[in-house]
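Asks: Pasting a structure here, questions to come.
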Amino acid sequence: MLDWCIIIRNERLFEQRTVVDLYLTRHNKCNLEMNNEEWSLLEKVVNVLDPFNSASKQMCRTDEPISIQFPIARALTADIHAIGDPDLQQMRDSILRLLEEKFNVE
């Protein structure tokens, strides 16, 4: 569904924010530092994508019937519809469009 390696790395990056900032400062990589607004956005993105991790694991299980995919997609769609943060509007709309195309849910 999505590249979970990227999501996990971003989640881990967010968890290690202080260490990352310290490393970048010590090694004169200040131009790579993320500001507070970027860290905040990263946290929001990780939270939005988190439900997709468990949904993907469940959908990809070999013992799950294909019929389970549609209820999971409907639940994800409801979760994504509930996102009201203006910073995530474009992401929200893109995810909804993809879910609606793939699973014909609204």
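Taken together, the values in this text are just the output of simple stated rules run on the coordinates, not laboratory data. Computed from a predicted structure; not experimentally measured. All Cβ positions, even for glycine, are placed from backbone atoms using ideal geometry, and neighbour counts span all protein chains on display.
Asks: Give a residue-ordered list of calculated ³J(HN,Hα) values for region 84-89 (Karplus: 6.51 cos²θ - 1.76 cosθ + 1.60, θ = phi - 60°; whole Hz; x for Gly, Pro).
Replies: Once θ is set to phi - 60°, the couplings for region 84-89 become x, 5, x, 5, 10, 4 Hz.
Asks: Now for a different question. Taking the simple approach of a point 7 Å from Cα along Cα-to-Cβ for both GLN69 and ASP50, what is their distance in nm?
Replies: 2.7
Asks: Now for a different question. Normalising by the residue count of region 4-103, find the relative contact order in percent from Cα pairs under 8 Å and 6+ residues apart.
Replies: 22
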